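A short worksheet on the structure shown next.
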Amino acid sequence: MARAVTPRRKLINTLVAWAIGLLIFFPILWIIVLSFKSEGDAIRTPIKVLTSAWTLDSYAVVQERSDYFKHFSNSVILAVGSTLLGVIVAVPAAWSMAFVPSDRTRGILMWMLSTKMLPAVGVLYPIYLLFIQLGILDTRIGLVMVLMLINLPIIVWMLYTYFREIPGEILEAARMDGASLREEVMYVLTPMAVPGIASTVLLNVILAWNEAFWTLNLTAAKAAPLTAFIASYSSPEGLFYAKLSAASVMAIAPILIMGWFSQKQLVRGLTFGAVK
Amino acid sequence: MLLRNALRAATAMSLIAAGAAQAENLVIATVNNGDMIRMQGLTEDFTEKTGHTVEWVTLEENVLRQRVTTDITTKGGAFDIMTIGMYETPIWGANGWLVALDDLSADYNVDDILPAMRGGLSHDGTLYAAPFYGESSMIMYRTDLMEKAGLEMPDAPTWEFIREAAAAMTDRDADINGICLRGKAGWGEGGAFITAMSNSFGARWFDMDWNAQFDTQPWKDTLEFFVGMMNESGPAGYATNGFNENLSLFQQGKCGMWIDATVAASFVTNPDDSTVADSVGFALAPDNGLGKRSNWLWAWALGIPAGSQKVDAAKEFIEWATSTGYIELVAENEGWANVPPGARTSLYENENYKDIPFAKMTLESILTADPNNSTVEESPYVGVQFAAIPEFAGIATEVSQEFSAVYAGQQTVDEALEKAQALTNDAMEAAGYR
């Protein structure tokens, strides 16, 4: 039976939730505010948010100086491409672990997750040399592969969690009806797991979009995505806070909007299996 | 007739083809600062003159350093030209990682490059990167506050004078700090400042056998003086202040003096951004009467990675970007105050540039810094605010973290120096110097 919540308690919960939400959102809000200020006003302490002039100058400069759409299209290709490729590889892997587990399945899952704990810089040189040998340095295909591989453990884990919620009897029934393994995965398992796959895709698009180590280190002029676009406005010797903020807003806006519209799926995806 | 037309067409086609074969697309890695961004805006001039096109990869200084180091050590070939500093150039040149710039055209006039810059960007007398702009460090001070304090800034002050002046200019109620200096950890941030300052106190990083020297009195004097002065007259939280934080404070009128890069002079005198633009004076970085001042020397320079497939086109670009012609191009488009400073002698002989208020002091600061003889006692390394050895960046970052902990009040000067001594000796031993 659900516990009764008093109006007072509800009010406190609401206020606390709003306070936490605002606290988390504050850095983004601050970046948005600074992006509409002049460089002089952006560094003034304390900043006069409402009284200082609002301007679009920084956006104009960023537009003039950088090819935003080239970086944007690279980000889209890398994020979507690596995620889709990851899902194609992860669905069969998650299927086998969820429905045909072996004694080592748990160990393999833990090992896959442990690769995420390796500091990326530790393998920078080997991967860089591999990219040179394969001739894929500063190419989108090379980065799609790397981003897919670094996010693969998360994709497999998420899909594995969803697949475990699907009764194995349904798949057995499909087999009894003569479905091949491919048909079982394609026409029975995948349609039932669409919500789970959708939230996995959304989360991994966000992760790939925000990835900044490999996308900075393996690109130069051709395949650089929006992370490199932001990095080009940071400087320890010279004040570019307003321009850096404008570039950051332009880089995060698409993913922020996507996250806003898909928040239900994202929350569902992140909490799936947590409560039975 | 038909044959003649065919021949003409063939000739035209071959000329176009030859032109197309020569025209290259250069990928240039560079650092994000005002001078470099200005250069990107003027690249069209280079393309018009040579036919070569340019793609820029602009990165924050530390990211750039990591990026180009990875590429050059693996012979990645991602960049045709790299923007590198005075620290990397002699090391990379010695390793054979850079193309020697020993055959630049006569028009380029390589002898016009300031000797200090040329020396710092060479190895065994061979130039490996051409300076795009150079900088030293100097004192920028508020003339109105100095006058109010009843003091007059000498052209070449001592540290004692600076400390007294800082105390006299400090007005905590009015939120004015007598002096703002870098305390932020990082070999290129607070580490650069304290190393340059230590030179004037008679300190050095290593003796001639590569033993660390943090257990010597000059280092103790340097740190104690710095901490004492900053506690008396510096801004709160100076342990985390770097160039940008101090620039912001100075521009808002919250610093009486600021000792930092000479390129900052154009920022603090720019009325669009600085509230104190019309009351800024300049002086040489202080000394202690030991024959060495506390100014550093740095240059952002353009170098070509060895093994590049586009060496000729890259050299053409470097000649264009670091020439007197480029300086005139910037002056024509953006004014003389915005030309890249500190690289060429002829700039300081130019009548138009002599009117710029900070030009004279910038040149004098650059000329008084000698990377080959930066310390009072003899030292085995090249460099003023760094030692040009590959291990220095890692060691100096750790040492500067220890020093920043002192500035933040987390440990004593003695504790920091003891740790610095131990970690430096350990690293040098591991690297085979000792």
Three principal axis lengths of region A:1-140 [C-alpha, angstrom, descending]
64, 61, 26
Directionally averaged projected area (convex hull, Cα atoms, region A:66-232), nm²:
10.9
Under a cut-off of 27 Å between alpha-carbon atoms, report the lysines in cross-link reach of B:Lys310, not counting same-chain residues fewer than 8 places apart.
A:Lys70, A:Lys222, B:Lys49, B:Lys75
Calculated SAXS-style log₁₀ I(q)/I(0) at q = 0.07 Å⁻¹ - chain B, Debye, Cα scatterers
-0.37
How far apart, in nm, are two points set 7 Å out from the Cα along the Cα-to-Cβ line at A:Val49 and at A:Trp111?
5.1
So what is the relative contact order for region B:60-203, in percent, with contacts set as C-alpha pairs under 8 Å and at least six apart?
12
If you take the beta carbon distance between A:Asp103 and A:Thr190 as r and set R0 to 35 Å, what does 1/(1 + (r/R0)^6) give as a FRET efficiency, to the nearest 0.05?
0.80
Given R₀ = 35 Å, FRET efficiency for B:Gln410-B:Met208 by Cβ-Cβ distance, to 0.05?
0.55
Work through the residues other than A:Glu211 whose Cβ is under 15 Å from its Cβ and net out their charges, Lys, Arg +1 and Asp, Glu -1.
+2
Would you mind giving the three semi-axes, in whole Å and largest first, of the ellipsoid equivalent to region B:282-405 according to its Cα gyration tensor?
30, 24, 13
Do the sum for chain A: with -39,500 (n - 2.57) for every DSSP H run of n ≥ 4, divided by all residues, what is the mean residue ellipticity at 222 nm, to the nearest 500 deg cm²/dmol?
-22500 deg cm²/dmol
Electrostatic dipole magnitude of chain A [Cβ: Lys, Arg +1; Asp, Glu -1; Cα centre; debye, to 20]:
900
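Once you have the Cα-Cα distance between B:Asn95 and B:Thr240, take 0.36 nm times their residue separation minus that, and quote the gain in nm to one decimal.
48.7 nm
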If you place +1 on the Cβ of every Lys and Arg and -1 on the Cβ of every Asp and Glu, how big does the dipole about the Cα centre of the protein assembly as shown come out, in debye to the nearest 20?
3780
Would you give the gap between the C-alpha center of region A:74-114 and the C-alpha center of region B:80-103, rounded to a whole Å?
44
How far apart, in nanometres, would the label points at B:Asp171 and B:Asn231 be if each is projected 7 angstrom from Cα along the Cα-to-Cβ direction?
2.6
Approximate spin-label separation A:Ala212-A:Phe26, in nm, with each point projected 7 Å along Cα-to-Cβ
2.0
Those residues of region A:9-53 whose amide nitrogen sits under 19 Å from the label point placed on B:Asp144, 7 Å along Cα→Cβ:
A:40-41, A:44-46
Can you tell me the relative contact order of region B:36-132? Whole percent, Cα pairs under 8 Å, sequence separation 6 or more.
21
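Dipole magnitude of region B:318-382 about its Cα centre, charges +1 at Lys/Arg Cβ and -1 at Asp/Glu Cβ only, in debye to the nearest 20? Write down the numbers at each step before the final one.
Numbers: 3 positive and 11 negative charges, 16 e Å.
Taking the Cα centre of region B:318-382 as origin, the dipole is about 80 debye.
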Relative contact order (%) - criterion: Cα under 8 Å, at least six apart; region: chain B:
24
Using the Cα atoms of region B:143-215 to build a convex hull, what is its mean projected area in square nanometres?
6.8
Cβ-based charge dipole, region B:276-434, positive-most Cα from B:Thr368, B:Ala420, B:Ala405:
B:Thr368
With a Förster radius of 22 Å, plug the Cβ-Cβ distance of B:Glu351 and B:Glu55 into 1/(1 + (r/R0)^6) and report the FRET value to the nearest 0.05.
0.05
The convex hull of the Cα atoms of the protein assembly as shown, divided by residue count, gives a volume in Å³ per residue of 238
For the charge dipole of the protein assembly as shown, defined by +1 on Lys and Arg C-beta atoms and -1 on Asp and Glu C-beta atoms about the Cα centroid, which residue among A:Leu244, B:Met169, B:Asn25 has the Cα displaced farthest towards the positive pole?
A:Leu244
Fully extended contour minus Cα-Cα distance, from A:Leu15 to A:Ile170, at 0.36 nm per residue:
51.3 nm
How many angstrom lie between the C-alpha centres of region B:325-344 and region B:407-423?
44
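Read-outs throughout are calculated quantities, based only on the coordinates presented, and are distinct from any laboratory measurement. Computed from a predicted model, the values in this text were never measured in an experiment. In this analysis, Cβ positions are derived from the backbone assuming ideal geometry, glycine residues included, and neighbour counts consider all displayed protein chains.
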